[in-house]
1. Which one of these is small (Gly, Ala, Ser) and surrounded by 14 or more Cβ atoms within 10 Å (Cβ to Cβ): Gly72, Gly105, Gly58?
2. For Leu115, work out the one condition from (1) within 14 Å of the ligand (Cβ to nearest atom); (2) surrounded by 18 or more Cβ atoms within 10 Å (Cβ to Cβ); (3) part of a strand (DSSP E or B) it doesn't fulfil.
3. Just to be sure, is Asp14 under 27 Å from Thr118 (Cα atoms) and free of Cβ contacts under 8 Å to residues at least 24 places away in the same chain?
4. Counting just the residues of the stretch 133-151 that are within 14 Å of the ligand (Cβ to nearest atom) and of a type in the set (A, V, I, L, M, F, W, C), which one comes out nearest to Lys87 (Cα to Cα)?
5. Out of Gly72, Gly122, Gly82, Gly105, report the one residue that is among the small types (Gly, Ala, Ser), within 12 Å of the ligand (Cβ to nearest atom) and under 26 Å from His27 (Cα atoms).
6. Scan the stretch 38-78 for residues that are out of contact with any Leu (no Cβ under 7 Å at 6 or more places or on another chain) and in a loop (DSSP other than H, G, I, E, B) and jot them down.
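The values are calculated or read from the model by the stated rules, or taken from the named source; none is laboratory data. Keep in mind that this is a model prediction, so the values were computed, not measured. Here the Cβ positions follow ideal geometry from the backbone for every residue, glycine too, while neighbour counts run over all protein chains shown.
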Amino acid sequence: MSINLEKIREIFSDYCPEKGNLMVLLHDVQKACGNWLPEEALKEVSKLTKMPLNKVYGFVSFYSMFSIEPRGKHIIRVCKDGPCAVKDSFVIEDMLMKELDVDMGETSEDNLFTLEETACIGTCTAAPAIMIDDEVYGNVAPESLNSILKKYR
Ligand code: FES
């Protein structure tokens, strides 16, 4: 995959070159790169922010929402924290792994979905919860999974 460095420079120009903006900057760069942060993109971020590359990598590796490995077009996150676990989130996780034919952390063969675990996504009263890209789904029932996935296929 070739990286559009001009697009990264465009994104960068939307933000002041301050470290405080690194989170939103990297989020937008990741989106522009197809849900992951290739080395070439991180080098460009390092150059533009004048932040050493190892510091940029350190920042990226600290947050689970960033990935330096290629991921699918859509990221499915299954909440595994207490309230969701009590409401059988493992059943949802198992069904998604079977449906997509992947293990946790893997990407489906068609590159459409990457399946990940996550900590609480803030909708505990509607456990079990999952998140697909920026959309949160609560009270997820096994029989509703196919219709949810259909929206992204
Ligand atoms: S524990 Fe799952 S949303 Fe809070």
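1. Gly72
2. (1)
3. no
4. Here the residue is Val140.
5. Gly122 is the lone residue from the list that is among the small types (Gly, Ala, Ser), within 12 Å of the ligand (Cβ to nearest atom) and under 26 Å from His27 (Cα atoms).
6. From the stretch 38-78, those out of contact with any Leu (no Cβ under 7 Å at 6 or more places or on another chain) are 38-41, 47-48, 50-52, 54-55, 58, 61-65, 69-71, 75, 77; that's our starting set.
Matches in the stretch 38-78: Pro38, Lys50, Met51, Pro52, Tyr63, Ser64, Met65, Glu69, Pro70, Arg71.
Yes or no, residue by residue, for (1) in the same structural domain as Ala32 (by TED's automatic domain parsing); (2) among the basic types (Lys, Arg); (3) within 29 Å of Glu44 (Cα to Cα):
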| site | (1), (2), (3) |
| --- | --- |
| Val56 | yes, no, yes |
| Ser67 | no, no, yes |
| Ala85 | no, no, no |
| Leu115 | no, no, yes |
| Ile121 | no, no, no |
| Asp133 | no, no, yes |
| Ala141 | no, no, no |
| Leu145 | no, no, no |
